[in-house]
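The values are calculated or read from the model by the stated rules, or taken from the named source; none is laboratory data. What you are looking at is a predicted structure, and each value in this text was computed from that prediction instead of being measured. Counting neighbours? That spans all protein chains shown, and the Cβs are built from the backbone with ideal geometry, glycine included. Just so you know, the surface numbers come from the protein's heavy atoms only, side chains and all, with ligands and any DNA or RNA stripped out. Shrake-Rupley method; radii C 1.70, N 1.55, O 1.52, S 1.80 Å.
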Amino acid sequence: MTSSELWTRATADRYDTEESETSSAAFLEPTLAFLADLAGDGRALEFAIGTGRVGVPLRERGVPVAGIELSEHMAAVLRRKIDEETLPVTIGDMATTVVPGDFTLVYLVYNTITNLLTQDEQVECFRNAARHLAPGGRFVIELGVPPLRFLPPGQVAVPFDVSERHLGFDTFDLVEQILVSHHFTRDGDDDRYRRDASRHRYAWPAELDLMARLAGLELERRVADWSGEPFTENSAKHISVWRKPSR
């Protein structure tokens, strides 16, 4: 067990509904094209596969996919969509759990590496990815750039969504590199809101590159989104690709 917080049954059951926009075919097309191209004719392994938002349509695209997932409740929702033989999932943490075989692609999307709350565990996640990769294989991470420049002196919170049915903001512990993501979600047509919060350890691109080097991986590419737009100082997130040397 790692420091990752476990997703509960209630959270798992409503996850797909709350992520319906990011689960649409139009939204996912650039993601799936990017990952399928890197997987080539090989197998892909998704760390923290969750309910299969990405893994299931990638498998339907013809890429053999396996997954690792810490929450049995999230995996149970995935299993309603696809059988174990078609998309096998191992229950365990993404820093230490090992599944059989080699993969041409290991990927970790939607900021999920931040669920590991210590630097040591994030380093082990990179090492675990390298452990699963065949020579020449790639490890891909999708991660937001910490929005610390939006923090004026004395402020510890940054809003990321203010809409009719959802209020979201992050608070930061700048010493421990921990952010807490706060969500106030309007469930019905009345004025009642459900409050949720989750902890994350944010990391900079340069820090991830050093983790990759410790795992024997080399940075191959970094872009601002799944469509391949250039990564700049103004990019809100990055898609980073590290390669396991062929020799």
Within the chain: Cβ-based charge dipole about Cα centre, in debye rounded to nearest 20 (Lys, Arg +1; Asp, Glu -1): 540
Inter-label distance, nm, simple model (7 Å from Cα along the C-beta direction), PHE169/TRP204: 2.6
Read-out Cα extents along the principal axes in Å, derived from the coordinates shown; its label in (1) 55, 41, 35; (2) 66, 35, 32; (3) 53, 40, 40: (1)
Antiparallel content of DSSP bridges confined to the chain, in %, to 5: 70
THR17-ASN234 FRET efficiency (beta carbon distance; Förster radius 41 Å; 0.05 resolution): 0.80
Protection proxy ranking, peptides 181-191, 75-85, average beta carbon neighbours within 10 Å, highest first: 75-85, 181-191
GNM flexibility winner over the chain from GLY136, GLY62, GLY154 (Cα, springs under 10 Å): GLY154
Candidates VAL98, VAL156, VAL109: whichever shows maximal mean-square fluctuation once the chain is modelled as a Gaussian network with Cα springs under 10 Å: VAL156
Residue-normalised accessible area of the chain, expressed per residue, 1.4 Å probe, Å²: 50
Segment 123-199: radius of gyration over Cα atoms, expressed as a fraction of 2.2 N^0.38 Å: 1.54
Per-residue HN-Hα couplings for segment 238-247 [Karplus 6.51, -1.76, 1.60; θ = phi - 60°; Hz; x = Gly/Pro]: 9, 10, 10, 10, 10, 10, 7, x, 6, 10
Projected label distance in nm at ALA26 and THR90, using a 7 Å step from Cα toward the beta-carbon: 3.9
Ranked order, TRP242, TRP226, TRP204 - accessible area, probe 1.4 Å, largest first: TRP204, TRP226, TRP242
Extended-chain gain in nm, criterion 0.36 nm per residue less alpha-carbon gap, THR97 and ASP187: 28.8 nm
Sorted largest first, extent of segment 67-149 alpha carbons per principal axis (Å): 45, 32, 18
Kirkwood hydrodynamic radius (C-alpha pairs) into Stokes-Einstein, segment 1-92, 37 °C and 0.692 mPa s, D in µm²/s: 243
